[in-house]
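Below is one structure, written out as structure tokens; the observations come after it.
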Ligand code: IPE
Ligand code: MG
């Protein structure tokens with residue numbers, strides 16, 4: 001079955017190593033890397049992709065040096081600042097966010113929620129920022145939500161099914177991932193949308209994220225287009 005590429009997810013890895021190679025601070029790599037997200041919104045749209053999700057900060061990234069964490073916490077404020085939100089409006093991009101609410105600074109949360117609010121009526125590409133996101137934390141949050149909404153759960157366990165679980169994940173408004181691209185040479189998913197990627201094709205690339213180009217994206221998409229996705233079934237006759 002040929003499945004249209006509807007949801008592309010990017011694990012944009014390699015910012016720090018890229019910066020080090022040119023004798024710059026790791027934070028410079030993050031700055032360049034985060035600016036590139038906008039270019040990829042345009043490329044994604046050109047390829048008729050409806051959902052683009054980018055992994056910008058994981059629940060494990062808090063383990064980095066404080067200076068780097070502080071810089072990364074400022075990323076949403078920078079990419080969604082007043083002047084820069086125009087880009088998303090002009091390109092009809094709706095901003096979405098998945099992640100934990102409780103740990104990020106109030107000003108960062110405000111920048112994310114303001115960007116969501118301002119772009120909520122756009123109906124082009126949906127750009128989801130995974131920020132302080134991790135699959136295990138998402139699942140923990142999901143279970144708590146279910147119990148809160150269904151206090152009598154013990155009396156009717158059958159109400160727990162995959163639909164209920166999906167509806168209580170941070171990703172409830174977006175479809176499962178079709179293609180994941182991870183740059184930077186590592187070949188793992190790092191706790192990123194583990195359930196939502198359960199049938200995703202995974203494309204690993206050795207280039208550091210700041211070097212990953214539109215041409216590289218095209219290669220990844222043609223790889224995806226050649227794959228026969230069976231979803232547990234068998235090949236088409
Ligand atoms: C990815 O680049 C960006 C974030 C996780 C925020 P890295 O910071 O992981 O870069 P490397 O892997 O150290 O080069
Ligand atoms: Mg890394």
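In terms of other Cβ atoms within 10 Å, 43, 133, 170, 203 run from fewest to most in the order 43, 203, 170, 133. A Förster distance of 35 Å, applied to the separation of the beta-carbon atoms of residue 139 and residue 46, puts the FRET efficiency at 0.55.
On the basis of the beta-carbon distance and an R0 of 22 Å, residue 110 and residue 38 show a calculated FRET efficiency of 0.60. Projected label points at residue 150 and residue 215, each 7 Å from Cα along the beta carbon direction, are separated by 5.2 nanometres. Ranked from largest, the principal axis spans of the Cα set of region 109-237 equal 53, 47, 30 Å.
For region 24-70 and region 162-189, what is the separation of their Cα centres, given in Å? Taking the Cα centre of each part, region 24-70 and region 162-189 sit 16 Å apart. For the chain, modelled as a GNM whose springs connect Cα atoms under 10 angstrom apart, the maximal fluctuation among 13, 161, 211 occurs at 161.
How would 40, 231 line up from fewest to most surrounding beta-carbon atoms within 10 angstrom?
Working: 40 21, 231 8.
The most exposed by this proxy come first: 231, 40.
As a proxy for reagent exposure, 28, 199 were ordered by neighbouring Cβ count within 10 angstrom, fewest first; the result is 199, 28. For the chain, the Kirkwood hydrodynamic radius from C-alpha pairs, put into Stokes-Einstein at 4 °C and a viscosity of 1.567 mPa s, yields a diffusion coefficient of 69 µm² per second.
Calculated mean residue ellipticity, 222 nm, the chain: -12000 deg cm²/dmol, from DSSP H runs (n ≥ 4) at -39500 (n - 2.57) each, averaged per residue and rounded to 500.
Coordinate-derived values only; no laboratory data. All of these numbers come straight from a predicted model, not from anything done at the bench. Cβ atoms come from the backbone with ideal geometry, glycine included; neighbour counts cover every protein chain shown.
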